[in-house]
Amino acid sequence: MDKRGGREREFKRKIVIGSLFLTAIVLNIFTYLVLPNTIANTGLGTSSVGLILFQVLPSQPSINITSPENITYNFSIGVSYTLDLNVTSDTLIDSWIYRLYDVRHQVWTTDWIAFAPNITFDAVRWDNTLYVNATPSFGPSDLYDNVTFFVFVPNSAPIIGRPITDPLYVCEGQSFVHRINATNWFYF
């Protein structure tokens, strides 16, 4: 979920709740001032006292990974999978670190690398999850964000090290060994 959208949704929710409270106050005042005159001497009366307090709390500091995004990145065969690592924060940050998790093979490919915002890093083929940790200049705790993205590389045929040029024959009931070497550059 986009953090800006979450903040906007939270702001709208507070506006709706505030509007409902204000409506309740207006209806309560209307009931107190108008209705007693219309139901005079019936024994019915309305009396209420209330207090509504609104407080605007400061927003919690946060960080946001702006690149890479939760999308598929396409690469050609035989190239490195270098992506931009761009982050933002709404507070001063003393230090940034990241780690990258290879989801398919369930291994950490990089583990807590210190960085300055807006650098590049090398991802792995298939699913990746990037975790970013920031230590704010002011504040009691670290800030975290993560993103999962996919690196697509087309498949390639294996490369046979020694070509098979002559036909290979064997009779029924017999066997033989002919060693070859085949390499798939993109096993992982």
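Worth pointing out:
- Residue check for F121: on the phi < 0 side of the Ramachandran plot and surrounded by 14 or more Cβ atoms within 10 Å (Cβ to Cβ): yes
- Evaluation of R7 against (1) modelled with pLDDT of 85 or more; (2) assigned to a helix (DSSP H, G or I) (one fails), failing number: (1)
- Subset tally (residues that are part of a loop (DSSP other than H, G, I, E, B) and at pLDDT below 90) for segment 77-115: 7
- Leading residue by the ranking (farthest from the chain's Cα centre (by Cα)) among those in segment 143-180 that are among the acidic types (D, E) and over 30 Å from I97 (Cβ atoms): E172
- Scanning segment 110-129 for residues that are farther than 14 Å from T88 by Cα and touching a Ser or Thr at 6+ places or on another chain (Cβ under 8 Å) yields A114, T120, F121, D122, A123, V124, D127, N128, T129.
- Test: residue in segment 147-157 that is part of a loop (DSSP other than H, G, I, E, B) and surrounded by 12 or more Cβ atoms within 10 Å (Cβ to Cβ): yes
- Scope segment 122-145; condition in a strand (DSSP E or B) and within 16 Å of T72 (Cα to Cα); matching residues: D122, W126, D127, N128, T129, L130
- The residue of segment 124-146 that is surrounded by the fewest Cβ atoms within 10 Å (Cβ to Cβ), among those that are among the acidic types (D, E) and touching a residue at least 12 places away in the same chain (Cβ under 8 Å), is D127.
The values are calculated or read from the model by the stated rules, or taken from the named source; none is laboratory data. Just so it is clear, the model here is predicted, and its values are computed rather than measured. We place every Cβ from the backbone using ideal geometry, glycine too, and count neighbours over all the protein chains shown.
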